[in-house]
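My questions will all concern the structure given below.
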Amino acid sequence: MSQQILNSIGLLLGMVGVSIIFRFGPPQPNLESGVGLGLEDGTPLSDGRTVAEHNRETEKLRVLHSRMSKIGLGLIFIGFAFQLWGTWG
């Protein structure tokens, strides 16, 4: 492949990776202060869901964000590899 094509592929992969990370940023530590009250799984919340339902939805969202941020970071690294290949290969 030509240098221009490899560099272009690398730049596109990097741009897609950065866009994914912008949307699904890497997991951050919980820095909230204060004390939370523990509720049992069957406790109803104000929106009609129970605590257990809320926890399941939150866990699905956490897994999605974790996977997508890893995919985005992987695309950035693959993009850099294509650019290096195009430059040095």
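Each value in this text was obtained by applying a stated rule to the coordinates, not by laboratory testing. Treat the numbers as computed from the prediction; the structure is a model and nothing was measured.
So what is the relative contact order of the chain, in percent, for Cα pairs below 8 Å that sit 6 or more residues apart?
Details: 88 pairs, mean separation 52.9, N = 89.
Here the relative contact order equals 59 percent.
As a test of the formula, what do you get for the chain when each DSSP H run with n ≥ 4 contributes -39,500 (n - 2.57) and the sum is divided by the residue count, at 222 nm and rounded to the nearest 500 deg cm²/dmol? Let's see the in-between values first.
Details: 2 runs with 59 residues, N = 89.
Helix contribution divided over all residues of the chain: -24000 deg cm²/dmol.
GNM, the chain, Cα, under 10 Å: largest mean-square fluctuation among L37, L45, L13?
Result: L37 has the largest fluctuation of those listed.
Fully extended, how many nm does the chain gain between Q28 and L84 (0.36 nm per residue separation, minus their Cα-Cα distance)?
Numbers: separation 56, 0.36 × 56 = 20.16 nm, distance 3.04 nm.
Gain on stretching Q28 to L84: 17.1 nm.
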